1. Are any residues in region 116-143 in contact with a strand residue (DSSP E or B) (Cβ under 6 Å, 6 or more places away or on another chain), surrounded by 15 or more Cβ atoms within 10 Å (Cβ to Cβ) and farther than 21 Å from residue 40 by Cβ, and if so, which ones?
2. Out of 19, 30, which single residue is out of contact with any strand residue (DSSP E or B) (no Cβ under 7 Å at 6 or more places or on another chain) and either surrounded by 20 or more Cβ atoms within 10 Å (Cβ to Cβ) or at pLDDT 95 or above (or both)?
3. Would you mind stating whether residue 328 is touching a residue at least 40 places away in the same chain (Cβ under 8 Å) and surrounded by 20 or more Cβ atoms within 10 Å (Cβ to Cβ)?
4. Does residue 265 satisfy the criteria of being surrounded by fewer than 20 Cβ atoms within 10 Å (Cβ to Cβ), at pLDDT 95 or above and in contact with a strand residue (DSSP E or B) (Cβ under 8 Å, 6 or more places away or on another chain)?
5. Can you pull out the helices (runs of 4 or more DSSP H) entirely within region 319-434 that have at least 3 residues that are touching a helix residue (DSSP H, G or I) at 6+ places or on another chain (Cβ under 8 Å) and at pLDDT 95 or above?
6. Among (1) touching a residue at least 12 places away in the same chain (Cβ under 8 Å); (2) within 30 Å of residue 324 (Cβ to Cβ); (3) outside any strand (DSSP E or B), which single condition is residue 99 missing?
7. Being touching a residue at least 60 places away in the same chain (Cβ under 8 Å), in contact with a helix residue (DSSP H, G or I) (Cβ under 6 Å, 6 or more places away or on another chain) and assigned to a helix (DSSP H, G or I) is the filter; apply it to region 435-455 and report the residue that is farthest from residue 373 (Cα to Cα).
């Protein structure tokens, strides 16, 4: 077994293959851990934590704590990011387990390419041949093709800046763009966030998008939705100017740095997939079936390179499934369990399951909302922006979705995901005695409200 790529999907695939008795090699272009460790959730969460510390320090006076003026040393912060990444890599349980299982890891081997259907070569000159192969090369930021696009940066470039810029344009207001905008706003940069569609965070519940957009604006971020089409970028004295137009009217916006976050593309351009008979789909990602097998019977793909949910938990699951099927034959098919998704913005947001619009299109639902400004813990913490929304099927009481904006949003959504995976009814969730006062209690409050409405419905039907 040969696994190409050392991110979450790749390490899970290599460990599973080795555990099943296959002679396994893992080859990674750069550092072990892939983007998740080196350019994804770990460094991003570290920066977001720094922004959170600055935000919380702003509340100290309200609680009678006197401090001097706050100042951010960005170079020192980046040093802390490097420390966290290095420590996380040193203590990565997967690496210890992979080594113990006997898999061979080839780090910093450079880009890999197929020589034929069973053989790869890397930029460092490594040549490996295997009966079965799992492609886990991940994804990368999609670039714009308008004139002057070379003047723009990606989110990766943003994390590597040597200092906080005075101003920044962020193009694209999905999860990545929203995080860049929120973090650098917390660091004091003047941010303008541009979204081509009618709302930021377009894959989220509409109430989540509206609440986060309002919070962003209140914090000083300029949010421009449905702004039109980008025509070009050009160098100006202040940095970079973006020229755009809508309905025949041309406008411009300038900033020291422009970050483009308009989606993801598969990291496959160096692989020479044609030599292996591996086809890509219409979106440019590696096409797979329900067992993660590609168009070549002996080659599988897992994680971001397939274009599915491009998240660490799903990548880990993909790697396990792909390796299992590669070694043992097609035994395990993809499933779609409740998958909580969230982002480290200010305010945080998170979700699991169906949005309200999708749920109403398919079901008769009850929607319950618990507001953060009516919850004791958020009042204590001075963090009252947000809500927890539960979407419940009226007849059965099944929890169809949970959407949260506010502090600890991701933790709350994960509790809802556990309940949904266990197929708890909203009545059962409402009867769980959650500690007081906690953020988890907000979910319990929303569940109790939904259960009360359902019980009223049942009583009315019974009478």
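1. The answer is 118, 119, 120, 121, 122, 128, 130, 133.
2. Values: 30 fails: either surrounded by 20 or more Cβ atoms within 10 Å (Cβ to Cβ) or at pLDDT 95 or above (or both).
So the residue among 19, 30 that is out of contact with any strand residue (DSSP E or B) (no Cβ under 7 Å at 6 or more places or on another chain) and either surrounded by 20 or more Cβ atoms within 10 Å (Cβ to Cβ) or at pLDDT 95 or above (or both) is 19.
3. Numbers: touching a residue at least 40 places away in the same chain (Cβ under 8 Å): yes; surrounded by 20 or more Cβ atoms within 10 Å (Cβ to Cβ): no.
It is false that residue 328 is touching a residue at least 40 places away in the same chain (Cβ under 8 Å) and surrounded by 20 or more Cβ atoms within 10 Å (Cβ to Cβ).
4. Numbers: surrounded by fewer than 20 Cβ atoms within 10 Å (Cβ to Cβ): yes; at pLDDT 95 or above: no; in contact with a strand residue (DSSP E or B) (Cβ under 8 Å, 6 or more places away or on another chain): yes.
No, not satisfied.
5. Working: elements: 356-362, 376-381, 409-421, 426-430.
Counting at least 3 such residues, we get 376-381, 409-421, 426-430.
6. (1)
7. So the residue we want is 450.
The values are calculated or read from the model by the stated rules, or taken from the named source; none is laboratory data. Values in this document were obtained by computation on a predicted structure and should not be read as measured data. A quick note on method: Cβ atoms are made from the backbone with ideal geometry, for glycine too, and the neighbour counts reach across all protein chains shown.
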